[in-house]
Amino acid sequence: MLEKTALITGVTGQDGALLSQFLLNMGYKIIAPTRLNPDISKLKQIGIQSNQNIEFVTYNKWSDFKLIIADFQPNEIYHLAAMSHVGESHNSPDKVFNVNAMWTIELLKATLERSPNSKFFFASSCEIFQNNLNHPVSENDPKMPTNPYGISKLSAHSMVQYYRDVKGLFACNGILFNHESTIRDASFVSKKICSEVARIVKTPGEPLLLGNIDAKKDWGFAEDYVKSFYSMLQQDIADDYVISTGKLHSVKDMVTHAFNALDYTITWHGSGLDSIAKNKHGETVVAIDEQYFRPLDNRFLVGNNNKAKQKLSFNNITPFSDWVKSMTLAEYKKQQ
Ligand code: GDD
């Protein structure tokens, strides 16, 4: 007899796959609603696609969740599914808002109506914060997003608080800073850097083309982060938590660490749009391409994770250099 049941939306994404793996190891049964013919490549990469304790359930429309939630009465619901590309959200604000905000409301409603004792986790984002905060941001710092992705996440985040404070659901927001892993999608910069660096070290040729390499992020390791989702739902009181490392690194730092991981020497030259990196033969291995720049991408937001450290024991944070190294080595191995 399995102890607990968790319903995870977005099970085929990075966080959904890693959270499933973590919960399966804890003895959970996973309910995995997906569209017809889902792409389960990430589940395959971590070897859990055929685990008998994952039950895939096909849904066609969001209202199907009412029945799914009513049928399974999950102990915990992790709402991770989203349109997660900040850059792309500028081109399709309506779709992003619909998926990220409206779907969250549907799920909150369905949970309250059909399984009010289920505990609810929402993957909120640091993109909700005001642009010019220049101190480590905490849960109650001012929110004023500057892109459609952040606007949609803040709307959903506020709805989670409403369903907690007014309707009485046990509902939590994880305010997530960037978090990466070997199963990250190639459209995110960490994966792009690690796989391109592996390619260049193996067979030098075309350089790695990046946008704003001076952008700085508070970047963590996704396997650490998903554990905190679980911890939030084990607390006595539902609450919101910043999940971050508290340290900033630039895109340029990540490139340097990735080349270092493969003992490949590079030197940086120029600045801004003229930045390039060369290898020891003088060949250009990194250059800038303006097509990867985004509007309003110049803030250095860092998270204050004190509350998560104190209440969730979010303490063993994998160092930046370690996970960049493991991602790069994994990409290098794949390309051999
Ligand atoms: N994707 C990408 N590609 N980003 C680049 C590139 C490039 O070639 N060059 C520079 N960057 C910069 C982006 O401008 C951004 O400042 C930074 O690298 C990180 O970009 P992404 O990896 O695409 O992540 P993100 O910060 O936009 O969004 C991720 O983190 C958010 C939390 O802060 C996503 O996971 C979001 O869903 C999440 O909420």
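A compact table of results
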read-out: Test: residue in segment 25-37 that is charged (D, E, K, R), in the same structural domain as Y230 (by TED's automatic domain parsing), surrounded by 15 or more Cβ atoms within 10 Å (Cβ to Cβ) and within 21 Å of Y225 (Cβ to Cβ); value: no
read-out: Count - residues of segment 63-84 that are surrounded by fewer than 17 Cβ atoms within 10 Å (Cβ to Cβ) and closer than 27 Å to S152 by Cα; value: 4
read-out: Count of segment 229-253 residues which are within 25 Å of A171 (Cβ to Cβ), within 12 Å of the ligand (Cβ to nearest atom) and assigned to a strand (DSSP E or B); value: 2
read-out: S155 vs. criteria part of a helix (DSSP H, G or I), out of contact with any strand residue (DSSP E or B) (no Cβ under 8 Å at 6 or more places or on another chain) and either in the same structural domain as Y264 (by TED's automatic domain parsing) or small (G, A, S) (or both); value: yes
read-out: Residue that is under 26 Å from G303 (Cα atoms) and more than 14 Å from the ligand (Cβ to nearest atom), where the choices are I77, I128, I68, I105; value: I77
read-out: Qualifying residue in segment 293-306 (condition: open to solvent by 30 Å² or more (accessible area, probe 1.4 Å), modelled with pLDDT of 95 or more and not polar (S, T, N, Q)); value: no
read-out: Any chance I266 is open to solvent by 60 Å² or more (accessible area, probe 1.4 Å), of a type in the set (A, V, I, L, M) and away from the ligand (no atom under 14 Å from the Cβ); value: no
read-out: Evaluation of K278 against (1) surrounded by 15 or more Cβ atoms within 10 Å (Cβ to Cβ); (2) assigned to a loop (DSSP other than H, G, I, E, B); (3) more than 16 Å from the ligand (Cβ to nearest atom) (one fails), failing number; value: (2)
read-out: Filter pass, K307 being outside any helix (DSSP H, G or I) and not hydrophobic (A, V, I, L, M, F, W, C); value: no
read-out: Criterion (out of contact with any Pro (no Cβ under 8 Å at 6 or more places or on another chain), of a type in the set (S, T, Y) and farther than 21 Å from H79 by Cα) met by exactly one of S138, S158; value: S138
read-out: Candidates S187, S158 - the one that is at pLDDT below 95 and out of contact with any Gly (no Cβ under 6 Å at 6 or more places or on another chain); value: S187
read-out: Residue in segment 173-186 that is within 24 Å of K280 (Cα to Cα), open to solvent by less than 20 Å² (accessible area, probe 1.4 Å) and either within 16 Å of the ligand (Cβ to nearest atom) or touching a strand residue (DSSP E or B) at 6+ places or on another chain (Cβ under 9 Å) (or both) present; value: no
read-out: Subset of segment 307-321 (residues that are closer than 24 Å to R184 by Cα and open to solvent by less than 80 Å² (accessible area, probe 1.4 Å)); value: A308, F314, I317, T318, P319, F320, S321
read-out: Members of segment 128-148 found to be open to solvent by less than 30 Å² (accessible area, probe 1.4 Å) and closer than 18 Å to A215 by Cα, listed by number; value: I128, F129, L133, V137, P145, N147
read-out: Considering residues of segment 194-222 that are surrounded by fewer than 19 Cβ atoms within 10 Å (Cβ to Cβ) and part of a helix (DSSP H, G or I) only, the residue farthest from the ligand (Cβ to nearest atom); value: K202
read-out: Residue in segment 2-18 that is without any contact (Cβ under 8 Å) to a residue 40 or more places away in the chain, open to solvent by less than 50 Å² (accessible area, probe 1.4 Å) and in the same structural domain as M102 (by TED's automatic domain parsing) present; value: yes
read-out: Residue within segment 313-322 that is part of a loop (DSSP other than H, G, I, E, B), under 18 Å from D253 (Cα atoms) and of a type in the set (S, T, Y) present; value: yes
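The values are calculated or read from the model by the stated rules, or taken from the named source; none is laboratory data. Since the structure is predicted, the reported quantities are computational estimates derived from the model, not experimental observations. Heads up, the Cβs are rebuilt from the backbone with ideal geometry, glycines too, and the neighbour counts pull from every protein chain shown. Just the protein is used for accessible areas: all its heavy atoms, side chains included, with ligands, DNA and RNA removed. Shrake-Rupley method; radii C 1.70, N 1.55, O 1.52, S 1.80 Å.
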